[in-house]
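The values are calculated or read from the model by the stated rules, or taken from the named source; none is laboratory data. Note that the coordinates shown come from a computational prediction; the quantities given were computed from them, not determined experimentally. FYI the Cβ positions are ideal-geometry reconstructions off the backbone, even for glycines, and counts take in every protein chain you see. Heads up: the accessible areas ignore ligands, DNA and RNA and are worked out on the full protein's heavy atoms, side chains in. Shrake-Rupley method; radii C 1.70, N 1.55, O 1.52, S 1.80 Å.
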Amino acid sequence: MERIIPEEEFRDLLNSRCGDLMALAAYMDATGAGQQCFTRPLLATLHLEATRVEELLDAYGAKQNLRWYPLRRMVAPVKLFSNVSYILQHILQFLPTYKLLPIPADFRVATENALLYTCGVLKDTVHALRSKAQELGLQAPEVVPANGHFAEYLPAGHLPFDRPREKVASPEESVVYLATAFLNLAEDSKFLHDIAGADVRDCADWIPDPINEARLRDLDEKFHSLQSLYDTHISDSNMESLDEHLPVLRGHISVIYHLLQTATDFTHFCERHISGFAHQDNGGEAQVNLVDPASLLEVLIGYSLEFSSRYILRTRNLCHQMLRRYAIQGRISVPVPRYRGFHVRPSTLIAKIVNHYGSPVEMALEEETYNAGVTLDLFRANEKLNARKRRRIAEEVRRLMAEDAAANRAGTDKLRARVRKIVQILFEENKLVLYERGLPLEDLNRLEGETATEFVARALNQLLALGKIDVEVDTLVSFAGDRRVLEDIRLLAENGYGEDDFGNNLPLPEELAYL
């Protein structure tokens, strides 16, 4: 049976390990007034010590213990908000180097306000932590760091840039790869744009769907990987001097990554530590929130997610410019979508590909051209396709009706039967697709002076318009524009434009996952 550690022994163990954290808490209680923001050296040390104490409490099961669980709940926000405050200080420190493009909001002021909030939470939490520690009989620190111990003095300037760098003739390949990778991440981030700018009073039910820690952490790790990719392949080369957009892109990737870090931590705290969001409680007892949920949501929505969204959208436009600059023009020919031509699904997917890259692409059918980035413009191509199908119907009907000399003397019922027979023949010859076997011809009557051939052709055209049948026409269309865009359109066409011959959805290849 596992040993139960005696209360006095555990208190002595905790006293030996949490002295530095309590000293920091005493220092913060005594330093400054109101919501003073603390330095990065202090925040880094505080985060380290809070992590050590949290790990010790967890190792001995404090989360399942009525006496020590409140202390564990107070250490958690110290750890989390010291980390978020450090990230915000980091953003402010490096803001001049990010080369951020203008947006309709003051990002520096918003970051300073967010930092005031997180530091205010820290002051309140460390004060509550000290009170709880005293209540539990933990020792007060004998030595408190002197005021100014954690001062951060950073003189202006930098070291000389004298390391040799790899010489690159052209940054084209790397620029295209990075810009495309960012655009793919921008597609993964679309849910942020729906949330950003929302009224906080309407957002309480958005956790854990669509806002949750797992989703945000996955996104911030992807942006971190993109930043690492840049630093690995660009920073040690002369590429930034060859394309002025590269350091701008790097700054935006970094600030988005750090904003998503803060969003992930805030959401984690909502899910795990705030009553009303959390899935667990203290043995069924009501918990008092150490952090006001409304204030936390306001910073999460109004700062972290709002500015993540704004900079993603702004950087997406930058990436479109970069791709257009290095665009290599080309032309491809692909077959028309087999199921009803350029209807909603294939037209929407083509337009999404074009708009994803931001480069203009034109589709040509016969002498007509269409803007491939506009779904409604692609719809227009069906006018020509349907005209071809009607001509094909007329040709096939004339061929089959030429063998029936008595057809003109036949009554309407016999002509309807003849329509069904011709549909069956063309289906067996793979010249027609049949979507329904029960063909609605009961209300179709022969017009005055109409020949049997004209009646049958009109009947088939009506079935075509109703979507009951389709006519096989081996038609190619051409697309002209940036080769990167064209290759994705070719891949889409090779995969049936995402649907089979009967309009059922087909999975798209991994390369088109952004759709």
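Taking the residues in segment 105-115 that are more than 12 Å from F81 (Cβ to Cβ) and touching a residue at least 12 places away in the same chain (Cβ under 8 Å) as candidates, determine which candidate is surrounded by the fewest Cβ atoms within 10 Å (Cβ to Cβ).
Selected residue: A105.
Looking only at segment 497-515, how many residues end up being open to solvent by 30 Å² or more (accessible area, probe 1.4 Å) and in contact with a Lys or Arg (Cβ under 9 Å, 6 or more places away or on another chain)?
Within segment 497-515, residues that are open to solvent by 30 Å² or more (accessible area, probe 1.4 Å) and in contact with a Lys or Arg (Cβ under 9 Å, 6 or more places away or on another chain) number 4.
Just to be sure I understand, how many residues within segment 94-119 are basic (K, R) and outside any helix (DSSP H, G or I)?
If we filter segment 94-119 for residues that are basic (K, R), which is where we start, we get 99, 108.
Next cut, outside any helix (DSSP H, G or I) only: 99.
Residues flagged as basic (K, R) and outside any helix (DSSP H, G or I) within segment 94-119 amount to 1.
Residue-by-condition table, conditions (1) surrounded by fewer than 23 Cβ atoms within 10 Å (Cβ to Cβ); (2) within 29 Å of P155 (Cβ to Cβ); (3) not basic (K, R):
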| site | (1), (2), (3) |
| --- | --- |
| A25 | no, no, yes |
| P70 | yes, no, yes |
| S82 | no, yes, yes |
| S85 | no, yes, yes |
| L88 | no, yes, yes |
| T97 | yes, yes, yes |
| H127 | yes, no, yes |
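State which residue is modelled with the lowest pLDDT when the search covers only segment 173-203 and only residues that are part of a loop (DSSP other than H, G, I, E, B) and among the hydrophobic types (A, V, I, L, M, F, W, C).
It comes out as C203.
Could you identify the single residue in L385, L296, L323 that is within 30 Å of R72 (Cβ to Cβ), open to solvent by less than 10 Å² (accessible area, probe 1.4 Å) and in a helix (DSSP H, G or I)? Walk me through how you get there before you give the answer.
Numbers: L385 fails: within 30 Å of R72 (Cβ to Cβ); L323 fails: within 30 Å of R72 (Cβ to Cβ).
So the residue among L385, L296, L323 that is within 30 Å of R72 (Cβ to Cβ), open to solvent by less than 10 Å² (accessible area, probe 1.4 Å) and in a helix (DSSP H, G or I) is L296.
Is it the case that some residue within segment 182-196 is closer than 28 Å to L297 by Cα, in contact (Cβ under 8 Å) with a residue 24 or more places away in the chain and in contact with a Lys or Arg (Cβ under 6 Å, 6 or more places away or on another chain)?
So far as segment 182-196 goes, yes, one or more of its residues are closer than 28 Å to L297 by Cα, in contact (Cβ under 8 Å) with a residue 24 or more places away in the chain and in contact with a Lys or Arg (Cβ under 6 Å, 6 or more places away or on another chain).
Identify, from the list L56, L122, L71, L80, the residue that is at negative phi, at pLDDT 95 or above, among the hydrophobic types (A, V, I, L, M, F, W, C) and part of a helix (DSSP H, G or I). Step through it out loud before you land on a result.
Details: L56 fails: at pLDDT 95 or above; L122 fails: at pLDDT 95 or above; L71 fails: at pLDDT 95 or above.
Going through L56, L122, L71, L80 in turn, the sole match is L80.
I'd like to verify a number: residues in segment 326-340 that are assigned to a loop (DSSP other than H, G, I, E, B) and closer than 18 Å to R490 by Cβ, how many?
Qualifying residue count, segment 326-340: 5.
Checking the condition free of Cβ contacts under 8 Å to residues at least 12 places away in the same chain and either open to solvent by less than 40 Å² (accessible area, probe 1.4 Å) or in contact with a helix residue (DSSP H, G or I) (Cβ under 8 Å, 6 or more places away or on another chain) (or both), which residue from G137, G61, G120 passes?
The conditions single out G61.
Every residue, every condition in (1) at pLDDT 85 or above; (2) in a helix (DSSP H, G or I); (3) closer than 30 Å to Q329 by Cα; (4) over 40 Å from the mean Cα position of the chain (by Cα), yes or no:
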| position | (1), (2), (3), (4) |
| --- | --- |
| A459 | yes, yes, no, yes |
| V473 | no, no, yes, no |
| S478 | yes, no, yes, no |
| L492 | yes, yes, yes, no |
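I'd like the full set of residues that are surrounded by 11 or more Cβ atoms within 10 Å (Cβ to Cβ) and among the aliphatic types (A, V, I, L, M), limited to segment 437-467.
L439, L441, L444, A452, V456, A457, A459, L460, L463, L464, A465, L466
Return a yes/no flag: does segment 168-184 have any residue that is more than 20 Å from R250 (Cβ to Cβ), open to solvent by 90 Å² or more (accessible area, probe 1.4 Å) and among the aromatic types (F, W, Y). Write out each step before concluding.
First pass over segment 168-184, keeping only residues more than 20 Å from R250 (Cβ to Cβ): 169.
Those left that are additionally open to solvent by 90 Å² or more (accessible area, probe 1.4 Å): 169.
The next check asks that each one be among the aromatic types (F, W, Y); those that pass are none.
Within segment 168-184, none of the residues are more than 20 Å from R250 (Cβ to Cβ), open to solvent by 90 Å² or more (accessible area, probe 1.4 Å) and among the aromatic types (F, W, Y).
Regarding E240, is this residue out of contact with any Lys or Arg (no Cβ under 9 Å at 6 or more places or on another chain) and either assigned to a helix (DSSP H, G or I) or closer than 26 Å to A105 by Cα (or both)?
No, not satisfied.
Considering each residue of segment 243-272, count those that are open to solvent by less than 10 Å² (accessible area, probe 1.4 Å), more than 12 Å from L100 (Cβ to Cβ), in a helix (DSSP H, G or I) and not β-branched (V, I, T), and give that number.
6
Taking S170 as meeting all but one of (1) part of a loop (DSSP other than H, G, I, E, B); (2) at pLDDT 75 or above, write down the number of the exception.
(2)
Looking at segment 140-167 only, could you name the residues that are open to solvent by 100 Å² or more (accessible area, probe 1.4 Å) and farther than 30 Å from N15 by Cβ?
Selection gives Y153, A156, H158, L159, F161, D162, R163, P164, R165, E166, K167.
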